[in-house]
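This report refers to the structure that appears directly beneath it.
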Amino acid sequence: MTEKNAVIRVRDLVVGFGDVTVLDHLDLDVREAEILGVVGASGAGKSVLLRTIIGLLPRRHGTIEVLGVDMAKSNEAERRALERRWGILFQQGALFSSLTVKQNVQFPMRENLEISQRLMDEMALAKLEMVGLTPQDGEKFPSELSGGMTKRVALARALALDPEILFLDEPTSGLDPISAGDFDELIRTLQQTLEITVFMVTHDLESLYTACDRIAVLADGKVVADGPIAAMLESEHPWVKTYFQGKRGGMLAERQMSA
Amino acid sequence: MGEALLTHRLVGERLELAAGGSWTASHAGELEALVERVSGEAPKAKNVSIDMAGVREFDTFGAWLLERLTRQWTASGQKAEVVGLPEHDRGLLKEMHGVNREPPPKLQAGNPIVTFLAAVGRAGADFGSNLIVFSEMLGAVSLALLRVIVRPREYRFTSTVHQFDRVAWQAVPIILLITFLIGAIISQQGIFHFRKFGAELYSVDLVGILVLREIGVLIVAIMVAGRSGSSYTAEIGSMKMREEIDALRTMGFDPVEVLILPRILVLIVALPVLTFLGSMAALYGGGLVAWLYGGISPDIYISRLTEAISLTHFEVGMIKAPFMGLVIGIVACAEGLRVKGSAESLGIQTTNSVVESIFLVIVLDGLFAIFFASIGM
């Protein structure tokens, strides 16, 4: 694999709330067109890292560069332009409950593009079909959707403007293993056809095995290990060891080796 | 603005299109117009070729517009071929080839007259169902109250005290302020107009009777409906949205007993208390204005007040208060339980709750006026 340039570059990042320091001088690179899985114990700061990169949380120290734009030095217009180039899938979907599924997907298009209603309808339905939903689902309201469908709609909305970076916050949490597997595969195929960079916060070992190119492990406010799954299995860091070679991780590792 | 996105050339019976630049979301608007224009040229040609070699950027928007173009021509029996598309973009075009095959579901737009009649009918039915929902809630609350009377230990005192603090205690300052001002305004208007025929002193009767019988309790009830009724609806509504009510029910608790009964009882107690405080503040405000503006000294004001009002006036106001509390509580809780999944429905039900409880409070006040007049109070 050739070394690709980093689309997200995090340097010396410190984030905290009150007396608690969650991220402590953290460095991280996300390379072009890869799927990076970020793992860590509950409360290790995975979601905090994601929310800091997309600018929802303030940072105390350090720089964040996304697609060559320094988040600290960018002005309002640059930020807005940047926000059009990324899509975010929130943990609970965060669909707008008063809009239908189709309107949810059209929302970013309506705000950012000057295109006809016809093209907008066609694109929304196309995106819904790409994530495995039917045109009939487009008329439903978010409260009528199952957990898996909510995630799919949220993914379709995140993809609405054909982003270059896709942030996923625990995309498979709350899904049954089969739906989770399907979702991983969906992310993988979409990433390949659309050539996007994916930053995925996850707890799901299966996702790490099947979907991710590279894994970064967060512990003690830092990235303690990063690399492909093989490197994780050899890591000596105690948490990484327990995680990947513990009861659940071990089983998957064996299955992976024998397959 | 660099290369042209789409140029066309007619060679005999063959339409040659050359695409270039960025076929992406940010150019989708211009691109769509170009694609529309080019498809107008199509009938002249037997076959079409689209050269995509000049395209630098390509995403689903571009891919879909290309697909739409070729699909349209293939449908009308012409031959369309796409050449020069880079290998890694072919997957995207293939993906788009499969989508939007079935027509989108049609939304039925009915006859406007029928729609209007349906809306009127639905509004009528809603009104009826509202009455049913309120009586159901009243029944459920009475049942819960009976159960609590039988087993008083199950009553939630902590919750009651907490609600009382929020609904009554924390409302005292604003209620005092508003009723004080209302009393002062009534007094000032009374003095101003009665002065024309030298009957300033009657403004004291006006303030006393009006405040104690009607205005005190009405203002307080409207304030409480806006302040506490809305918060009840929003609280219970968002608990409903997040399945907390269902959780309570499955654990063997009756939501009416746990959540609603304490809230309604608190309102029934709080309203008379607030009405009493409010009426006193209004009389005080009226007295102050009478003294400063009308020159009626406090001694005269008080002695005139004792002559003008009787215990009956005070009772009329106070008897009404708990019933108004009950109406506000029933409406607020019933509307809260009708909240559905969306944020919008929470807003609608909260609005409904406030509007309906203020309306019912005023209707109830009218009914009481008839009742008291007929029994001579």
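Does residue B:370 satisfy being assigned by TED's automatic domain parsing to the domain that holds residue B:265 and touching a helix residue (DSSP H, G or I) at 6+ places or on another chain (Cβ under 9 Å)?
No.
Please determine whether any residue of region B:52-65 is out of contact with any Asp or Glu (no Cβ under 9 Å at 6 or more places or on another chain), free of Cβ contacts under 8 Å to residues at least 40 places away in the same chain and assigned to a strand (DSSP E or B).
yes
Looking at residue B:348 and the list (1) assigned to a helix (DSSP H, G or I); (2) of a type in the set (A, V, I, L, M); (3) in contact (Cβ under 8 Å) with a residue 12 or more places away in the chain; (4) within 14 Å of chain A (Cβ to nearest Cβ), which single condition is not satisfied?
Tallying (1) assigned to a helix (DSSP H, G or I); (2) of a type in the set (A, V, I, L, M); (3) in contact (Cβ under 8 Å) with a residue 12 or more places away in the chain; (4) within 14 Å of chain A (Cβ to nearest Cβ), residue B:348 fails exactly one: (3).
Would you point out which residue out of B:204, B:161, B:141 is in the same structural domain as residue B:371 (by TED's automatic domain parsing) and either more than 30 Å from residue B:303 (Cβ to Cβ) or at pLDDT 95 or above (or both)?
Exactly one residue qualifies, and that residue is B:161.
Note down all Cβ pairs under 6 Å where the first residue falls in region A:73-99 and is crowded, with 16+ Cβ neighbours inside 10 Å, the second is aromatic (Phe, Trp, Tyr), and they're at least six residues apart or on different chains.
Filtered contacts from region A:73-99: A:88/A:167.
Identify, by number, the condition in (1) more than 30 Å from residue A:140 (Cβ to Cβ); (2) crowded, with 24+ Cβ neighbours inside 10 Å; (3) in contact with a Ser or Thr (Cβ under 7 Å, 6 or more places away or on another chain) that residue B:329 doesn't meet.
Here residue B:329 clears every test but (3).
What are the residues in region B:70-82 that are away from chain A (no Cβ under 12 Å) and either surrounded by 23 or more Cβ atoms within 10 Å (Cβ to Cβ) or without any contact (Cβ under 8 Å) to a residue 24 or more places away in the chain (or both), if any?
Once the filter is applied, which keeps residues that are away from chain A (no Cβ under 12 Å) and either surrounded by 23 or more Cβ atoms within 10 Å (Cβ to Cβ) or without any contact (Cβ under 8 Å) to a residue 24 or more places away in the chain (or both), region B:70-82 yields B:70, B:74, B:75, B:77.
Yes/no matrix, rows are residues, columns are (1) within 14 Å of chain A (Cβ to nearest Cβ); (2) in contact (Cβ under 8 Å) with a residue 24 or more places away in the chain:
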position	(1), (2)
B:96	yes, yes
B:101	yes, no
B:111	no, no
B:129	no, no
B:139	no, no
B:142	no, no
B:145	no, yes
B:151	no, no
B:156	no, yes
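Only one of (1) in contact with a helix residue (DSSP H, G or I) (Cβ under 6 Å, 6 or more places away or on another chain); (2) crowded, with 20+ Cβ neighbours inside 10 Å is not met by residue A:179, so which one is it?
Evaluating residue A:179 over (1) in contact with a helix residue (DSSP H, G or I) (Cβ under 6 Å, 6 or more places away or on another chain); (2) crowded, with 20+ Cβ neighbours inside 10 Å leaves (2) as the failure.
If you go through region A:100-121, how many residues are at the interface with chain B (Cβ under 10 Å from one of its Cβ atoms), in a loop (DSSP other than H, G, I, E, B) and in contact (Cβ under 8 Å) with a residue 40 or more places away in the chain?
Going residue by residue through region A:100-121, those that are at the interface with chain B (Cβ under 10 Å from one of its Cβ atoms) are A:102, A:108-109, A:112-116, A:118-121.
Filter again for in a loop (DSSP other than H, G, I, E, B), leaving A:113-116.
Next cut, in contact (Cβ under 8 Å) with a residue 40 or more places away in the chain only: A:113.
Residues that pass the stated criteria total 1.
For residue B:244, work out the one condition from (1) within 15 Å of residue B:171 (Cα to Cα); (2) surrounded by fewer than 16 Cβ atoms within 10 Å (Cβ to Cβ) it doesn't fulfil.
(1)
For region A:26-42, enumerate the residues that are hydrophobic (A, V, I, L, M, F, W, C) and part of a strand (DSSP E or B). Don't jump to the end; show me each part of the working.
Initially, region A:26-42 is screened for residues hydrophobic (A, V, I, L, M, F, W, C), giving A:26, A:28, A:30, A:33, A:35-36, A:38-39, A:41.
Answer for region A:26-42, where residues must be hydrophobic (A, V, I, L, M, F, W, C) and part of a strand (DSSP E or B): A:26, A:28, A:30, A:35, A:36, A:38, A:39.
For residues that are facing chain B (nearest Cβ under 7 Å) and over 16 Å from residue A:95 (Cα atoms), scanning just region A:122-160, find the one that is nearest to the chain's Cα centre (by Cα).
It comes out as A:130.
So, residue B:317, is that one more than 30 Å from the chain's Cα centre (by Cα) and either within 14 Å of another protein chain (Cβ to nearest Cβ) or at pLDDT below 90 (or both) or not?
Spelling it out, it is not the case that residue B:317 is more than 30 Å from the chain's Cα centre (by Cα) and either within 14 Å of another protein chain (Cβ to nearest Cβ) or at pLDDT below 90 (or both).
Being surrounded by fewer than 18 Cβ atoms within 10 Å (Cβ to Cβ) and either outside any helix (DSSP H, G or I) or on the phi > 0 side of the Ramachandran plot (or both) is the filter here, so list the residues in region A:126-161 that pass it.
Those that are surrounded by fewer than 18 Cβ atoms within 10 Å (Cβ to Cβ) and either outside any helix (DSSP H, G or I) or on the phi > 0 side of the Ramachandran plot (or both): A:132, A:134, A:140, A:146.
Would you check if residue A:175 is farther than 30 Å from residue B:36 by Cβ, more than 9 Å from chain B (Cβ to nearest Cβ), in contact with a Gly (Cβ under 6 Å, 6 or more places away or on another chain) and not aromatic (Phe, Trp, Tyr)?
Judged against the criteria, residue A:175 is a match.
Please state which one of B:209, B:236, B:174, B:178 is out of contact with any Ser or Thr (no Cβ under 9 Å at 6 or more places or on another chain) and closer than 23 Å to residue B:136 by Cβ.
B:236
The values are calculated or read from the model by the stated rules, or taken from the named source; none is laboratory data. Because the structure is a prediction, the values reported are computed rather than measured. Glycine gets a Cβ as well: all are built from the backbone with ideal geometry, and neighbour counts include every protein chain shown.
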